[in-house]
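Notes follow once the structure below has been shown.
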Amino acid sequence: MKNYWSCSKFADWLRGTTKLKVGTAEQWHEWEIRAKKDYPVRWWLAEEGLDRIQNFIMWPTNKIYDLKYYINNRFITRTNSLTAHKRDIKPGSWCDVGNRFLPCLFNELVDFVEVELAWWHLAWNEEERPKYQAPWWAFGWFRIRTWRCPQAGLDNLKWQSELVWKEDECKPGSDLIGKPTYQAEKALEILALYKWWTETYRSRPDPHDASGWSEYCNLKREMGKESGSNSFSAMFRHDNETKEIRKMADVALKKLRKIEEAYEKEDEAMMVRLIKIRNSLWT
C-alpha cells in the first residue's frame, strides 16, 4: 500500500502524539518508547487498530495488486533470476557458471540504475517527467518495469551523492553535520561501478589484439595459405617459422597472459566492491 492510515493526521490525533516524518533509527526508537508511555491505549488504536481495519477493508484491492506484481515479477522483471545482456552472453549459447557472474551481476546493476532509480527519480515529481520523455505507463497502477532512462538514473545518483547530515538528524555538536550521509557514500560507489562497467570495461582493448597475438595468428594463417595448409593445421606448424616469428609469438603470448591476468584481477575486484554494496541496491 502507498498510504498507511497509521501514518495519517487522524492517526496523530488518535495517538496523541505526532509521528516523525524522518529520523534516524535511534530517533524512531526514542519516539516509539515515549509515545507508548504517554498514551498506551491510544498508541495501540493508532498503530495496531488502524492497520487491522485498513487491511480488512483493502483486502480485495490488495489481492489485485498481488496478482499484478506476481505477473510483473515472474515474467517481466524476473526477480527469481540474475540475467546477462545478450551482447555479453548470447541467448542459446553455452556459458560456464564462473563466466556468468560478472555479466549477470553488472547487468543487474545497470538495470537498477537505468530502470529502478530512473523510476524513483520521477515517481513523486510529475513536473520533471516530460524532461526525460517518460511514458504514461512508467508510473501508477499500470506501471511495468520496462521503462529505461539512463540519464534519470544518473541524475538520481547525483542527487543522492550530495546528501549531507543535517543538525536535526544528528546529536548536538556531532562531527557528522555537513558530511556526506551513508546514502551519499553508497551512491558514489554505485556510480563508480556503473561507470566502470558501461565505459571502462566496454572500452578495454581485446587482449589478443593488444598483445600482438592476433597479428601473429593472422601471419600464421597467411603462411599456411602460401604452403597449401589449412588455417587450423597452420597454427601448429613451427618448421616454417623464422627466429623473428618465433620471438614474435613468445613476446605476444607473454603479453597476452599478463593482460588477461590484469583483467581478471580487475573484474574480481569490481565484483567484490559490488557485493559489498548489495544492501544499498533497493528503492
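The values are calculated or read from the model by the stated rules, or taken from the named source; none is laboratory data. All figures in this text were calculated on a predicted structure; none of them were measured in a lab. We place every Cβ from the backbone using ideal geometry, glycine too, and count neighbours over all the protein chains shown.
A few notes on this one:
- Selection of first residues in the stretch 265-283 that are in contact (Cβ under 8 Å) with a residue 60 or more places away in the chain and of second residues that are basic (Lys, Arg), restricted to Cβ pairs under 8 Å at least 6 apart or on distinct chains, gives the following pairs, ordered by first then second residue: 277/186; 280/186.
- Qualifying residue in the stretch 78-98 (condition: surrounded by 11 or more Cβ atoms within 10 Å (Cβ to Cβ), hydroxyl-bearing (Ser, Thr, Tyr) and closer than 22 Å to residue 194 by Cβ): yes
- The set of residues in the stretch 216-236 that are closer than 24 Å to residue 259 by Cα and either modelled with pLDDT of 95 or more or aromatic (Phe, Trp, Tyr) (or both) comprises 216, 236.
- Looking only at residues of the stretch 5-58 that are within 23 Å of residue 168 (Cα to Cα) and basic (Lys, Arg), we find that the one that is modelled with the lowest pLDDT is 21.
- Failed item, numbered, when residue 64 is tested on (1) among the aliphatic types (A, V, I, L, M); (2) within 30 Å of residue 7 (Cβ to Cβ); (3) surrounded by 12 or more Cβ atoms within 10 Å (Cβ to Cβ): (3)
- Test: residue 88 is in contact (Cβ under 8 Å) with a residue 12 or more places away in the chain, assigned to a helix (DSSP H, G or I) and either more than 28 Å from the chain's Cα centre (by Cα) or under 30 Å from residue 146 (Cβ atoms) (or both): no
- For the stretch 202-219, a tally of residues being free of Cβ contacts under 8 Å to residues at least 12 places away in the same chain and in a helix (DSSP H, G or I) returns 3.
- The C-beta contact set for the stretch 174-195 (first residue assigned to a helix (DSSP H, G or I), second residue among the small types (Gly, Ala, Ser) and surrounded by 17 or more Cβ atoms within 10 Å (Cβ to Cβ), distance under 7 angstrom, 6+ apart or interchain) comprises 184/161; 187/161; 188/161; 191/161.
- Test: residue in the stretch 153-165 that is part of a helix (DSSP H, G or I) and over 24 Å from residue 123 (Cα atoms): no
- A residue that is surrounded by 17 or more Cβ atoms within 10 Å (Cβ to Cβ) and among the basic types (Lys, Arg) can be found somewhere in the stretch 123-135.
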